1. For q = 0.23, 0.25, 0.30 Å⁻¹, what log10 I(q)/I(0) does the range A:61-122 give under the Debye formula with an equal point scatterer on each alpha carbon and no solvent?
2. Between A:Thr9 and A:Asp85, what is the FRET efficiency for a Förster distance of 35 Å, r being their Cβ-Cβ separation, to the nearest 0.05?
3. Could you quote the convex hull projected area for the protein assembly as shown, Cα atoms only and averaged over all directions, in nm²?
4. Within 10 Å of each Cβ in A:144-151, how many Cβ atoms from other chains are there, averaged over the peptide?
5. Using the Kyte-Doolittle scale, find the helices of chain B whose mean hydropathy is at least -1.0 and whose Cα atoms extend 20 Å or more along the helix's long axis, counting only whole DSSP H runs.
6. With both partners inside the range A:30-150, how many of the DSSP beta bridges are antiparallel, as a percent to the nearest 5?
7. Could you order peptides B:156-163, A:112-119, A:69-76, A:89-96 by the average number of other Cβ atoms within 10 Å of their residues, highest first?
8. Quick one: Cα convex hull volume of the range B:1-125, Å³ per residue?
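What follows is calculated from the coordinates using simple rules that are stated; it is not laboratory data. Being a predicted model, the structure only gives us computed values, none of them experimental. Every residue, glycine among them, receives a Cβ derived from its backbone with ideal geometry; neighbour counts consider all protein chains shown.
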Amino acid sequence: MAQILQPGTAAPDFALPVTPDQKLSLRELRGRPVILVFYPADWSPVCGDELGVFNEILPEFGKYNAELVGISVDGAWCHDAFAKDRHLHFPLLCDFEPKGAVAKKYGAYREADGFCERALFLIDAQGVIRWSYCSPVAVNPGADGVLAALESLGKK
Amino acid sequence: MLKVPVTSDDHIQGDEKAPVVLVEYGDYECPHCGHAYPIVKSVQKHFGKRLAFVFRNFPLSQMHPNAEPAAETAEFADAHQRFWQMHDGIFQNQENLGMELFVELAEELKLSAADLQTALKGREYEPRVKNDFLGGVRSGVNGTPTFFINGHRHDGPFEFEDLVAAIEGRMG
């Protein structure tokens, strides 16, 4: 498993396509907490998987004014079809060209497989990583860890 | 780990003090939960009195439009002490979920179809379902079905042999 960026590290900025003709940068989200979800691929055969669960709890993340963003190496058209099919209500970014470049900066790229780890990062309003977690690729992480981290962010 | 302890408020089959408590977070419209349904029955039969089974709601409503009303229908039945009959009825007819089925199942259980419709319309049982859901999120439910064996999340396959082996492992 790759060594992912640890709490206390400034989150590397990036600008990635979020639709076929639009980009989203991390900098644009400054001022509120950001949850970055790296995941291996769209169209995972598991229904009710990680992204599905995160999608259902968007209102909980909303209580912390947090933005949820998914990242994989899939292309924009693929993301578009996937998000529509699964009714996902948060942006999916394309770490597509150069492939996996952002995931590599976060230590969340699986070179041998050519896709992202299942890695979660909580970035605070100032752009600093406050919590991170890398799950075995076959195990969906739940949202319990990131929610607990969001909660303690509020208390500091 | 399971953050919400099993109590008498849960839908439970068996003794909550049994050596093994198997908790399922499930979605009535999820095909994997439908697949797990007869497996859980076999597991219950296999362990008999040594195992208690708890079902908690985890509807993924964005993906499964009938999951929430199905869960609320089961909760409605629970208010009339018919939870497990409704639970079984819903899973056994998973291909035909919808108001028509819910009404039919209610009538079979001698429950008022009109009361059911009022309850669903007024989202009377939504708080209960939501409460299950949020407790599941806090416990690390990462998809459906998610099983907990004596409080520990069971990751990996959930065929009969897998669950039996995992349960035996937790029984010590």
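1. -1.00, -1.09, -1.23
2. Values: r = 35 Å, r/R0 = 0.99.
So the FRET efficiency works out to roughly 0.50.
3. Averaged projected area of the protein assembly as shown's Cα convex hull equals 17.8 nm².
4. Rounded to a whole number, the mean comes out at 2.
5. Membrane-span-like by this criterion, though nothing is claimed about a membrane: B:31-47.
6. Working: 14 of 22 bridges.
That works out to approximately 65 percent antiparallel.
7. With the highest mean Cβ count within 10 Å placed first, the list reads A:69-76, A:89-96, A:112-119, B:156-163.
8. With only Cα atoms used, the range B:1-125 gives 115 Å³ per residue.
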